[in-house]
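S.K.: Please see the structure below; I have some questions.
The values are calculated or read from the model by the stated rules, or taken from the named source; none is laboratory data. Values in this document were obtained by computation on a predicted structure and should not be read as measured data. Cβ coordinates were reconstructed from backbone atoms using ideal geometry, including for glycine residues, and neighbour counts include every protein chain displayed.
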Amino acid sequence: MAFFDYIFENGERIVFELLRHLQIIGIALPIAIIIGVPIGIAIANHPKTANVVIYLASILMTIPSLALFGMMVVLLAPFNAGIGIPPAIITIVVYSMLPIIRNTLVAVREVDSVTVEAAMGMGMTSTQILFKIRLPLAIPIIMAGMRNAAVMGVSVTTIAYLVGARGLGYFIFSGLSRSRLVMVLVGAVLVGALGIGMNYGLLKLEELLTPKGVKLSRRKE
Amino acid sequence: MQISLENLTKTYNKGSFKAVDQLSLTFEPKKLTVLIGPSGCGKTTVLKMINRLIERTSGDILFDGKSIDQIDPIQLRRQIGYAIQNIGLFIHMNVFDNIAVVPRLLKWPEKKIKSRVEELMELVNLDPQVHMYKYPAQLSGGQKQRIGVARSLAANPKVILMDEPFGAIDPINREKLQDAFIDIQEKIKKTIIFVTHDIREAIKLADKILIMDNGRIVQYDDTVNVVKKPKNAFVDSILGSDRVLKGLEMMPVKDHYSGNFLPINAQEVKTIAMALEYLEKKKKTYAYVIGPRDILLGYCTVEELKRMDQKDELIGQVKPIESVQPHSNLMEAIIRMVESGLTSCPVVDAHHQLLGVIRFETLVEIMSAYERVEV
């Protein structure tokens, strides 16, 4: 019962930290998309470059988030941004690179070659092929990459509490230091629920953005 | 538009493999030319060099005398219709948007595009009301193929390139599409270059056939001439052992039937006895029977008339018979002969008026006129 008591007593705080959590992801994800999708498109036709880029993005992902936060604090200190939201955002952007670039790359590359040839044969320029053919067909896969990144962002943001970004990490880390298990539990449940909710919301968005014809032909398969 | 190839060559692997080798020929305007040959003979390569999806190694392609190098490839492709085997419809676009692709690239006003799309859908026999806003996933294979053809015609190109456009369709629907396509070409009269590996399709559709092997021309001639006079054993093998019959399929009855025959007019020859007398006088074993306004009623044979009651009215004893029309082909006439067991087949017009007969001797003459090819 202590669990619910805590929630009722600290409703305001919970809403505040939840919104902060969302705010961090809400800023970081678009930045990651703006950087990652064009990179994915740009390297799609250059297999060698693509390999290198994917390799680098994978390495970035293996850096423990705590280490990354530590680096940010030092690197951003001269700009007075070592503490707070900026390191959290940058870290999420860095981690998001792999799923977003990789999925964009695969999506654009895997578009049926017959379809692309037809488009070329009809006199589309390569820019037109990209925006009228490749990207609309690639939306579902690109969106899957974003979902991946968003869910990861939820967990990374939790740790960002340690560099003063606040967010739901507050309940977990404060709870731990005060040995208040209820707080930790509330924090963990909220983070989990947010992750699931985020995934579901983006799934709905994906449904909305996927062209009708693509959905129809997938259903057929 | 007249398209000429001059020493057109495409090599791969630094010249070690010649996909197309010194090809020189002219595609006749407003005619349908079929490129045929075994896989790897270079037919698709030739097609794709014409819209520069593949760049040639040497030689030239001339459009009304103008070198392909002087034409911007993007503009060139927008002026050439293109239809391919797996159709390549854009699955995220509905039928309307698919057909409208090139007109939109050419920045036609939307109103003009809409009326053009409707016109084209009617041309390929798809009801715009029903199908215009459907997506490819909601169409059958045959319908998709029709949209593919409509799309290639969208911006009214003078030239259309087709790479096995009916290849992925089951045989029954393919026949239907080919028939529809013949009607369409009859109406639009475009310069069409059509790649296939199906010789039946080639003979059925082509005004001219270009047979290729190892990147070179083996024979390039009117379809009739190719079928009648295959240049060598290779062409003969492509045409197949039944080429004589295939040839009959492309010859219309109207060029070969005879109006010189003696039917029995049932208005004058009223009884069995009179019919028998007439046939014996003319030394015939059977005759067609016509009624008022030369309408074909059927036929009667001496053998059967003899066994009948001689006082009976002829008109009640006439046996019905299947006929052909002038636009039918000689193959159909043969089939009718086999069905009836007679040595001729009646030719009638749309009102079933008897115009003449096509005789078995004529067919034998035509078939024996085919040159034999020594293998």
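S.K.: Since B:Pro128 meets every condition but one in (1) away from chain A (no Cβ under 14 Å); (2) farther than 27 Å from B:Gly240 by Cα; (3) in contact with a Ser or Thr (Cβ under 9 Å, 6 or more places away or on another chain), which condition does it not meet?
M.R.: (3)
Rundown of residues vs (1) of a type in the set (Ser, Thr, Tyr); (2) at positive phi; (3) touching a Phe, Trp or Tyr at 6+ places or on another chain (Cβ under 7 Å); (4) not assigned by TED's automatic domain parsing to the domain that holds B:Ile264, yes/no style:
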residue: B:Ile315; (1), (2), (3), (4): no, no, no, no
residue: B:Ser328; (1), (2), (3), (4): yes, no, no, no
residue: B:Val338; (1), (2), (3), (4): no, no, no, no
residue: B:Cys345; (1), (2), (3), (4): no, no, no, no
residue: B:Asp349; (1), (2), (3), (4): no, no, no, no
residue: B:Val357; (1), (2), (3), (4): no, no, yes, no
residue: B:Phe360; (1), (2), (3), (4): no, no, no, no
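S.K.: Which one of these is within 14 Å of another protein chain (Cβ to nearest Cβ), part of a helix (DSSP H, G or I) and touching a Phe, Trp or Tyr at 6+ places or on another chain (Cβ under 7 Å): A:Gly213, A:Gly187?
M.R.: Sole residue among the options that is within 14 Å of another protein chain (Cβ to nearest Cβ), part of a helix (DSSP H, G or I) and touching a Phe, Trp or Tyr at 6+ places or on another chain (Cβ under 7 Å): A:Gly213.
Listed here are the residues, each with its yes/no results for (1) in contact with a Ser or Thr (Cβ under 6 Å, 6 or more places away or on another chain); (2) more than 23 Å from A:Ile33 (Cβ to Cβ); (3) hydrophobic (A, V, I, L, M, F, W, C).
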residue: A:Gly169; (1), (2), (3): yes, yes, no
residue: A:Ile172; (1), (2), (3): no, yes, yes
residue: A:Ser177; (1), (2), (3): no, yes, no
residue: A:Leu194; (1), (2), (3): no, no, yes
residue: A:Leu208; (1), (2), (3): no, no, yes
residue: A:Gly213; (1), (2), (3): no, yes, no
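S.K.: Another question, then. Quick one: B:Asp221 ticks every box in (1) charged (D, E, K, R); (2) more than 22 Å from B:Arg359 (Cβ to Cβ); (3) over 31 Å from the mean Cα position of the chain (by Cα) except a single one, so which number is it?
M.R.: Just one mismatch for B:Asp221, condition (3).
S.K.: Now for a separate question. Within region B:172-186, does at least one residue satisfy the condition of being in contact (Cβ under 8 Å) with a residue 60 or more places away in the chain and within 14 Å of the chain's Cα centre (by Cα)?
M.R.: The answer is yes; a qualifying residue exists.
S.K.: When the residues of region B:84-110 are narrowed to those that are more than 9 Å from every other protein chain (Cβ to nearest Cβ) and in contact (Cβ under 8 Å) with a residue 40 or more places away in the chain, which ends up farthest from A:Met124 (Cα to Cα)?
M.R.: B:Val95
S.K.: Look at region A:26-64 and say how many of its residues are under 18 Å from the mean Cα position of the chain (by Cα) and in a loop (DSSP other than H, G, I, E, B).
M.R.: Going through region A:26-64 one residue at a time, the tally reaches 2.
Yes or no, residue by residue, for (1) surrounded by fewer than 15 Cβ atoms within 10 Å (Cβ to Cβ); (2) among the β-branched types (Val, Ile, Thr):
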residue	(1), (2)
B:Ala275	no, no
B:Lys283	yes, no
B:Val289	no, yes
B:Glu303	yes, no
B:Gln310	yes, no
B:Gly316	yes, no
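S.K.: Please find, within region B:33-83, the residue that is farthest from the other protein chains (Cβ to nearest Cβ) out of those that are in contact (Cβ under 8 Å) with a residue 24 or more places away in the chain and of a type in the set (S, T, N, Q).
M.R.: Checking each candidate, the answer is B:Ser58.
S.K.: Scanning region B:131-172 for residues that are in a helix (DSSP H, G or I) and of a type in the set (Val, Ile, Thr), which turns out farthest from B:Arg52 (Cα to Cα)?
M.R.: Restricting to residues being in a helix (DSSP H, G or I) and of a type in the set (Val, Ile, Thr), the top hit is B:Ile172.
S.K.: Which ones in region A:122-169 are among the charged types (D, E, K, R), more than 14 Å from chain B (Cβ to nearest Cβ) and on the phi < 0 side of the Ramachandran plot?
M.R.: A:Arg147 - this is the single residue of region A:122-169 that is among the charged types (D, E, K, R), more than 14 Å from chain B (Cβ to nearest Cβ) and on the phi < 0 side of the Ramachandran plot.
S.K.: Looking for whichever is more than 14 Å from chain B (Cβ to nearest Cβ), crowded, with 19+ Cβ neighbours inside 10 Å and either among the β-branched types (Val, Ile, Thr) or not in a helix (DSSP H, G or I) (or both) here; the options are A:Ile100, A:Ile196. Which one fits?
M.R.: A:Ile100
S.K.: While we're on this one: For region A:103-117, enumerate the residues that are of a type in the set (A, V, I, L, M) and either more than 14 Å from A:Tyr55 (Cα to Cα) or not in a helix (DSSP H, G or I) (or both).
M.R.: Matches in region A:103-117: A:Val106, A:Ala107, A:Val108, A:Val111, A:Val114, A:Val116.
S.K.: Now for a different question. Only residues that are assigned to a loop (DSSP other than H, G, I, E, B), out of contact with any strand residue (DSSP E or B) (no Cβ under 8 Å at 6 or more places or on another chain) and among the hydrophobic types (A, V, I, L, M, F, W, C): list them for region B:305-341, please.
M.R.: B:Met308
S.K.: In this structure, is B:Val20 in contact with a Ser or Thr (Cβ under 9 Å, 6 or more places away or on another chain) and within 30 Å of A:Thr210 (Cβ to Cβ)?
M.R.: The answer is no for B:Val20.
S.K.: Hey, among the residues in region B:259-273 that are closer than 23 Å to B:Leu330 by Cβ and loosely packed, with under 14 Cβ neighbours inside 10 Å, which one's farthest from the chain's Cα centre (by Cα)?
M.R.: Among residues in region B:259-273 that are closer than 23 Å to B:Leu330 by Cβ and loosely packed, with under 14 Cβ neighbours inside 10 Å, the one farthest from the chain's Cα centre (by Cα) is B:Leu262.
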